[in-house]
Amino acid sequence: MKKRIVVVAACMLATFGPPAAAQSWKPEKPVEIIVPTTPGGSVDLTARVLQKIFQDSGLVKVPVTVVNKPGGGGAVSLVYLNQHAGDGHYIATNTPNIIANDINGRTPVRYSEVTPLATLASQYTAVAVRADSPLKTGQDLVERLRKDPGSLAVSTPTTLGSVNHMAYALVARAAGVDVKKLKAVILGSGGDGVTAVLGGHVDAHVGTTSSVIRMVESGKMRVLAIAAPKRIGIPYEATPTWTEQGFPVVMDTWRGVIGPRSMTRDQIAFWNDVLAKAVTTDTWKQALQANSWEANYLDSNETRKLFETDYAEYRSILTELGMLKEK
């Protein structure tokens, strides 16, 4: 079985938002970048890289702060964001969880009730263990699950039905394992998942390649498999894909930026311009390379289309996996 989340920059007619040239608004007070996770994961890092670019480059000429609002798989941050409806001084980093949580009814704020501003980068989902783990390959993990699906505690931040959880369940399903019996441990961020693995509190962590890259480089963790269509670069060039190990699952996740509902056309135009320039900076390119991120810039119009496409795709996957009841 093969399931794939595909993120592409398509050439589309602009049906939402203003042309980039229609700029007249700019921030007049400090800007907040809201993060839906605890500090330490790739979502938090994305916000901090953007903060540095905005300030160092002068793209944003007012102070910029990063504010972490974890909880509810991102729901807390969305509620906070929309408390500032129509205010372009508040933006947030986001992930596909905004779509998955909407489908599962785990958030009071639907994906259609915020303002898409940009998609910035993508990365594939990996399964990582501590360096001394008896699990040496993806096949080892699958065999344990076949014997007893609940025998492994596996971190799948940040909510049930997230991309991380879906990727793990898709592999289990491909191996003939009852996904409803998996022991998924929900934590606040990829950084929390890594900490839990290193502390021996969970057996494995399913998350983005960047969430474990520092521990892989230091030799403290190993990646058993990556849900990529082919092998990726350093430090994962020797790590096989799930497909290579007999389980054709491909799953990627994106990092993007949203604003509160009811933003004006001029506010959207400002952030379209700033974010398009941010991804061309050396700082952003260095972050891509250092964190195993793949460049994948989409503007506000294309990001809205991405949300709609992913909503349909995730609903199909979650229904097939038995994680969602058909309506």
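What follows is calculated from the coordinates using simple rules that are stated; it is not laboratory data. Remember, predicted model here, so these are calculated numbers, not experimental data. Cβ: placed from backbone, ideal geometry, glycine included. Neighbour counts: every protein chain shown.
Once phi is turned into ³J(HN,Hα) by the Karplus curve 6.51 cos²θ - 1.76 cosθ + 1.60 with θ = phi - 60°, what whole-Hz value does each residue of region 99-105 show in order, with x for glycine and proline?
Computed from phi, the couplings for region 99-105 are 7, 4, 5, 4, 4, 7, x Hz.
Share of antiparallel DSSP beta bridges in the chain, in percent to the nearest 5?
Looking only at bridges with both residues in the chain, the antiparallel portion is about 60 percent.
Tell me which residues come under 5 Å, amide H to amide H, from SER292 once H is placed; ignore anything under 5 positions away on its chain.
Amide H neighbours of SER292, under 5 Å, 5+ apart: none.
Starting at the first residue of region 250-255, write each ³J(HN,Hα) from the Karplus equation 6.51 cos²θ - 1.76 cosθ + 1.60 with θ = phi - 60°, in whole Hz, x for Gly and Pro.
My calculation for region 250-255 gives 10, 8, 10, 9, 10, 10 Hz in order.
Considering the options THR253, LEU59, ALA225, tell which one lies farthest towards the positive end of the dipole of the chain, charges being +1 on Lys and Arg and -1 on Asp and Glu at the Cβ, about the Cα centre.
Farthest along the dipole direction, towards plus: ALA225.
Tell me the relative contact order for the chain as a rounded percent, counting alpha carbon contacts under 8 Å between residues six or more apart.
30 percent
What distance in nm separates the simple spin-label points at ALA312 and THR281, each placed 7 Å from Cα in the Cβ direction?
3.6 nm
List the residues whose amide H sits under 5 Å from the amide H of ALA225, counting only those 5 or more places along or on another chain, with H placed 1.01 Å from N in the peptide plane.
Here the answer is VAL127, since their amide H atoms fall under 5 Å of that of ALA225.
Tell me, what is the FRET efficiency for SER218 and GLU244 to the nearest 0.05, using R0 = 35 angstrom and their Cβ-Cβ distance as r?
Given R0 = 35 Å and the Cβ-Cβ separation, E is 0.90.
Report, by chain and number, residues whose modeled amide H sits under 5 Å from the one on THR115, excluding near sequence neighbours (fewer than 5 apart, same chain).
GLY259, ARG261
Under a point-charge model restricted to the Cβ atoms of Lys and Arg (+1) and Asp and Glu (-1), what is the dipole moment magnitude of region 268-327 relative to its Cα centre, in debye to the nearest 20?
140 debye
Can you find, among THR209, LEU187, GLN139, the residue sitting farthest towards the positive end of the charge dipole of region 124-212, where Lys and Arg contribute +1 and Asp and Glu -1 at Cβ?
The listed residue farthest towards the positive side: GLN139.
How would you rank 39-46, 94-101, highest first, on the average number of other Cβ atoms within 10 Å across their residues?
Highest mean packing first, the order is 94-101, 39-46.
In Å, the Kirkwood hydrodynamic radius of the chain over pairs of distinct alpha carbons?
After inverting the pairwise mean of 1/r, the radius is 19.9 Å.
Could you derive backbone 3J(HN,Hα) for region 283-295 from the dihedral phi with the Karplus parameters 6.51, -1.76 and 1.60 (θ = phi - 60°), listing whole Hz in sequence and x where the residue is Gly or Pro?
4, 5, 4, 5, 5, 4, 5, 5, 10, 6, 8, 10, 4
Can you tell me the dipole magnitude for the chain around its Cα centre, using point charges on the Cβ only (Lys, Arg +1; Asp, Glu -1), in Debye to the nearest 20?
Rounded to the nearest 20 debye, it is 460 debye.
How many angstrom separate the Cα center of region 50-75 from the Cα center of region 193-216?
25 Å
Could you tell me how many degrees, from 0 to 90 and to the nearest 10, lie between the Cα long axis of helix 42-57 and the main elongation axis, the longest principal axis, of the Cα atoms of the chain?
30 degrees
So what's the back-of-envelope 222 nm ellipticity for the chain, counting only DSSP H runs of four-plus at -39500 (n - 2.57) apiece and dividing by all residues, rounded to 500? Mind dumping the intermediate values first?
Numbers: 10 runs with 116 residues, N = 327.
It comes out at -11000 deg cm²/dmol, rounded to the nearest 500.
Students often check this: by mean Cβ neighbours within 10 Å, which of 56-68, 25-37, 121-133 ranks highest, and how do the rest follow?
Working: 56-68: 14.7, 25-37: 19.2, 121-133: 22.2.
Highest to lowest by the protection proxy: 121-133, 25-37, 56-68.
Filter the cross-link list LYS69/LYS285; LYS136/LYS180; LYS181/LYS305; LYS220/LYS277; LYS29/LYS277 down to pairs whose alpha-carbon distance in this structure exceeds 29 Å.
LYS181/LYS305; LYS220/LYS277
Run the simple label-point estimate for ALA131 and THR65 please: 7 Å along Cα→C-beta, distance reported in nm.
Here the modelled spin labels are 3.9 nm apart.
Give me the dipole magnitude in Debye, nearest 20, for region 41-161 about the Cα centre, with unit charges on the beta carbon: positive for Lys and Arg, negative for Asp and Glu.
Here the size comes out at about 120 debye.
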